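The values are calculated or read from the model by the stated rules, or taken from the named source; none is laboratory data. Computed from a predicted model, the values in this text were never measured in an experiment. Cβ sites come from the backbone with ideal geometry, for glycine too, and all protein chains shown count toward neighbours. Side chains included, ligands, DNA and RNA excluded: accessible areas come from the protein's heavy atoms. Shrake-Rupley method; radii C 1.70, N 1.55, O 1.52, S 1.80 Å.
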Amino acid sequence: MPWELTPISAVGFATVAVYAVLVAVAWAHRDARCGHEVALLHAVVGCSALAYSVQLGFGSVPGQTFWWRLSFALSTAVPLLWLAFVARYVGRSRWVTRRRAGLLAVEPLVVGVAALTNPLHGLAWRIPSVTVPPGSAIEVTFGPLYYTHLTLTYTAVVVGVTLLLLVGVRRSLVYWKQAAFLAVAPIPPFVSNVAFLFGSSPVPNVHLPPFLSPFTGLALAHRLHRRHPLERNPSPLRQPHPAT
């Protein structure tokens, strides 16, 4: 069946426009602290959301499957980019050395390639061969590779949130409010993804995190620029002792 613009696809394209604005704003502040990380994070999430929005305009399994694989492959980099942002924000950029970044990048690269080649092995998911109406997503039965990646993704979220909260506990009231807000920001897409896995999504079979993340990004950008953390981010968790 040919592609057509469905209401859910239109919503998806609107969210992609929001991502584009967030990337433009972050890129305008790319020379400031966290500017590159925020721009890259929103760019990757936005591209994944764009692929998913295109997917929801197809009424055939092959058409939807291609874009689903592409959307998921792009999203595998998000946990790593989230950790890179958090490390930069808490003043621990030196944690993300080239070697460590390379090692951390192995998992999303492997899972991304596995997602694109899933028809050859079926380790990531299985899709029943049935027709779906445009605007309704294909049903996906997830495999061991998907759940392994999901576990690592949730771990990255928890680690990032913990580091942000530690910053708030150890710093001033201003940074406590800021760090707590940043820690709460990823929760809406996180919760919606859990609902999707358990079949409790308000829109059956539709993966809602791409549609909720722009609101998180807008709130995040507002808070960042309000407190100017790209220039006034908290100092590292531990201060070096002065030389004697």
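Observations, loosely collected:
- Under-5 Å amide H pairs with Trp125, H placed in peptide plane, nonlocal only: Gly143
- Measuring how big the range 1-48 is from its alpha-carbon positions, Rg and Dmax come out at 13.6, 47 Å.
- The range 18-128, accessible surface, carbon-and-sulfur percent (1.4 angstrom probe): 70
- Using θ = phi - 60° and Karplus 6.51 cos²θ - 1.76 cosθ + 1.60, couplings along the range 55-70 (whole Hz; Gly, Pro as x): 4, 6, x, 9, x, 10, 5, x, x, 5, 4, 4, 6, 5, 4, 5
- Two-site label geometry, Glu139 and Val159: point separation in nm, points 7 Å out along Cα→Cβ: 3.6
- Area of Val191 that stays accessible when all protein chains are in place (1.4 Å probe, Å², to 10): 80
- Mean-position separation - Cα centroids, the range 29-88 and the range 101-169, in angstrom: 12
- Per-residue SASA remark: His121, around 80 Å² accessible (1.4 Å probe; ligands, DNA and RNA not included).
- Dimensions of the range 73-150 based on its C-alpha atoms, expressed as ranges along the principal axes with the largest first, amount to 50, 27, 16 Å.
- Around the Cα centre of the range 30-102, unit charges on the Cβ atoms of Lys, Arg, Asp and Glu (plus for the first two, minus for the last two) sum to a dipole of about 480 debye.
- Potential lengthening of the chain between Trp95 and Thr148 amounts to 16.7 nm, from the contour at 0.36 nm per residue minus the alpha-carbon distance.
- Estimated distance in nm for a label pair at Val191 and Leu103, the labels positioned 7 Å out from Cα along Cα-to-Cβ: 3.5
- Rel. contact order, % - alpha carbon contacts under 8 angstrom, at least six apart, the range 68-182: 27
- The relative contact order of the range 1-88 comes to 34 percent, based on Cα pairs under 8 Å that sit 6 or more residues apart.
- Taking label positions 7 Å along the Cα-Cβ direction at both Ala10 and Val110, the computed distance is 4.4 nm, reported to one decimal.
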